[in-house]
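In what follows, a single structure is set out as structure tokens and then discussed.
The values are calculated or read from the model by the stated rules, or taken from the named source; none is laboratory data. These figures come from a predicted structure and were not determined experimentally. So basically every Cβ, Gly included, is an ideal-geometry build from the backbone, and we count neighbours across all protein chains shown. SASA here: full protein model, heavy atoms, side chains in, ligands and nucleic acids out. Shrake-Rupley method; radii C 1.70, N 1.55, O 1.52, S 1.80 Å.
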Amino acid sequence: MIVAILFTVAWVGGYSLLPQGLLRGANPGATGEYAGSVTREFLSLFAWNVGVSLIAIGANTFRSVNTPLGYVLQVIQAPRYGVVWGTGSLALGSGARITPSLSVLVERSGPMELTAVIAIVVATRGVMIWHQTSGPRWKEPFERVQSPRDWSLTRREWALFVGGYALLAVANYREALDIASVAG
């Protein structure tokens, strides 16, 4: 819920207050060039987003008090993505701003991507290695408390993990179709 609120506030704020195209080119994975086919575009998008999800899973190996670092990354990433939408800074397309509305949330693949990565991060919240037991967080050192050999996922976590990647694949295929319709 927090991520959705932050995304929405950033989207509306970016749309209303920031210059158009402000973050164009800020995403190193978004070259702005069409891959040439829907399949290649999908594979490119999916590979990029799997890489992003692996970084978030890796971040989950750090936990401060009861907060996995992967959660913090999502709280940071969602508003950035909202500003990209609000300022029309997507890699491909006309560069027009995405007008904030509920219908856009269903029509575009971005919210599905965010939801998918959140599901993956939540499913892997237990992959902790390093932990801070108390604050202040900027002073307390991390202590090694687990090894990757200690990791395990419950059936529900596996379902959420696999479902997250399935949703990510659907979102990326949908985005590849949208990009193909604009670029090629």
**Fill in**
Length-normalised contact order of the range 64-184, Cα under 8 Å, at least 6 apart, in percent, tallies to 31 percent
**Item:** Tilt relative to the chain, helix 38-59 - C-alpha long axis, 0 to 90 degrees, to 10
**Value:** 30 degrees
**Item:** Correct option for Rg/Rh (Cα atoms, Kirkwood Rh) [calculated from the coordinates] among (i) 1.16; (ii) 1.01; (iii) 0.93
**Value:** (ii)
**Fill in**
Spelling it out for PHE142: with amide H atoms placed in the peptide plane at 1.01 Å from N, the residues 5 or more places away or on another chain with amide H under 5 Å from its amide H are none
**Prompt:** Which distance in nm do the two modelled labels at ARG24 and THR99 give, with both placed 7 Å along the Cα-to-Cβ direction?
**Reply:** 2.1 nm
**Asked** Looking at GLY126, TYR34, TRP85, which one has the Cα that reaches farthest to the positive end of the dipole of the chain (charges on Cβ: Lys, Arg +1; Asp, Glu -1)?
**Response** GLY126
**Request:** Pull out a ≥ b ≥ c, the square roots of the eigenvalues of the alpha-carbon gyration tensor of the range 33-106, then state rounded if a/c is under 1.5, prolate if not and a/b is larger than b/c, and oblate in the remaining case.
**Result:** oblate
**Message:** Quick check: with the 1.4 Å probe, what order do ASP150, ASP178 take by accessible area, largest first?
**Reply:** ASP150, ASP178
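Could you compute the FRET efficiency for SER16 and ARG149, with r as their C-beta to C-beta distance and R0 at 41 Å, rounded to 0.05? Show your work: numbers first, answer last.
Values: r = 50 Å, r/R0 = 1.22.
Using R0 = 41 Å, I get an efficiency of 0.25.
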**Complete:** When the charge dipole of the chain is computed with +1 on Lys and Arg Cβ and -1 on Asp and Glu Cβ about the Cα centre, the Cα farthest towards its positive end, among PRO111, THR67, ALA10, belongs to THR67
**Asked** Under a GNM of the chain (C-alpha, springs under 10 Å), which listed residue has the highest mean-square fluctuation: SER64, SER147, SER44?
**Response** SER147
**Request:** Could I have the simple spin-label model distance between ALA159 and VAL182, label points 7 Å from Cα toward Cβ, reported in nm to one decimal?
**Result:** 3.6 nm
